[in-house]
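Some notes on the structure that comes next.
The values are calculated or read from the model by the stated rules, or taken from the named source; none is laboratory data. Predicted, not measured: the structure shown is a model, and the values here were computed from it. All Cβ positions, glycine included, derive from the backbone under ideal geometry; neighbour counts span all protein chains shown. Calculation scope for accessible area: heavy atoms of the full protein, side chains included, ligands and nucleic acids excluded. Shrake-Rupley method; radii C 1.70, N 1.55, O 1.52, S 1.80 Å.
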Amino acid sequence: MDKLKDAAIAENWDSALPRKSYEKLERVETSNEWFEIYKLPKDVFAIYEPGHFQEVISFLIIGEKKAILLDTGMGIGNIHKLVHSLTDKEIEVVNSHSHFDHIGENYKFPKISILEDVNAVTTLEKGYTEEELKPHVTSEMFAKTPPKDFIAETYRMPSCEFDLLHEGDVLDLGNRKLKVIHTPGHSSDSIMLHDEENRILFTGDTFYPGALYAHFDEPFYGKSNLEIYLNSLQKIANDVVPHIDYMYCSHNEPVNEPRLIVEAMKALQAILDNKASYQRDESGLRRYDFDGFAVITKD
Ligand SMILES: [Zn+2]
């Protein structure tokens, strides 16, 4: 087998683009050249950034009274303007967690909520500096040219004001309610949102069809924890998966089958039991490949 150079970032990551599953989704026309927008079942828009390695997806969830924007993306393509072209409802931001690829345009919105967690609070109070973000906007991170007004050298994320969320909080959008579920593991501040009535689970970064990051241990990303990650997946597999039809995930491809949570749970259990095989990269990370996703851990 080829020697793995980087477990987290494959050298030819953009060869997977365009991803086939998008052909089945309803694309919404936009003059914005950075984002792709898809209308998903149950009044949800997926706002996808295929031009950057992160391939992050933010979700605009429309209710009768107001709309929730789950994450504000990379801060590269003006999501603030975009979401206001999709709804005239008042828009409140909820962050799935505080990693840079999910909070890029927080500072443009009047109301932001994030889980009460030391990492989340410190990050949003501080923002991200040019120095911290520089490695994430080198040319090899881009699959398409960023907008003209994007300048990599001055790319930063200002601090913002925010409210705090807690496990079990319910966000009331009028005709739909979103329940906050704390799912630490990838990061300590990760949450999911459960729309019980519409049988949808918004998974954030705790699950998506790609390499799941469980290896972080540095100030920029905070600390991942594999045992805690497994606990979160067990909780979701038992309490939520039987009650959902759709899983909307925050990277790569938005719509995924709920059973994948159970597969991810089994995968993490196998890793912790030393029963899964892996490749080790030059920096000492392990990549465990499974059907439909992978898991990155420290050696
Ligand atoms: Zn992310």
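Here are some notes:
- Among the helices (runs of 4 or more DSSP H) confined to the stretch 60-143, the ones with at least 3 residues that are closer than 30 Å to residue 11 by Cβ are located at 130-133.
- Qualifying residue in the stretch 219-227 (condition: at pLDDT below 95, open to solvent by 40 Å² or more (accessible area, probe 1.4 Å), of a type in the set (D, E, K, R) and in contact with a Phe, Trp or Tyr (Cβ under 8 Å, 6 or more places away or on another chain)): yes
- Residue within the stretch 271-293 that is touching a Gly at 6+ places or on another chain (Cβ under 7 Å) and either of a type outside the set (Ser, Thr, Tyr) or in a loop (DSSP other than H, G, I, E, B) (or both) present: yes
- Some residue of the stretch 76-89 being more than 16 Å from the ligand (Cβ to nearest atom), of a type in the set (Ser, Thr, Tyr) and more than 26 Å from residue 196 (Cα to Cα): yes
- Selection within the stretch 93-107 - over 21 Å from residue 173 (Cα atoms) and more than 14 Å from the ligand (Cβ to nearest atom): 105, 107
- Flag for residue 131 being closer than 26 Å to residue 182 by Cβ and away from the ligand (no atom under 16 Å from the Cβ): no
- Looking only at the stretch 190-211, and only at residues there that are part of a loop (DSSP other than H, G, I, E, B) and closer than 20 Å to residue 242 by Cβ, the one that is most open to solvent (accessible area, probe 1.4 Å): 197
- Put simply, of 189, 299 the only residue that is acidic (Asp, Glu), within 16 Å of the ligand (Cβ to nearest atom) and in contact (Cβ under 8 Å) with a residue 12 or more places away in the chain is 189.
- Failed condition for residue 234, given (1) within 18 Å of the chain's Cα centre (by Cα); (2) modelled with pLDDT of 95 or more; (3) farther than 21 Å from residue 58 by Cβ: (1)
- Single residue of the stretch 159-188 satisfying the filter (among the charged types (D, E, K, R), part of a loop (DSSP other than H, G, I, E, B) and closer than 18 Å to residue 203 by Cβ) that is farthest from the chain's Cα centre (by Cα): 176
- Each residue in the stretch 197-219 was checked for being touching a residue at least 60 places away in the same chain (Cβ under 8 Å), within 16 Å of the ligand (Cβ to nearest atom) and of a type in the set (Asp, Glu), and 1 of them qualify.
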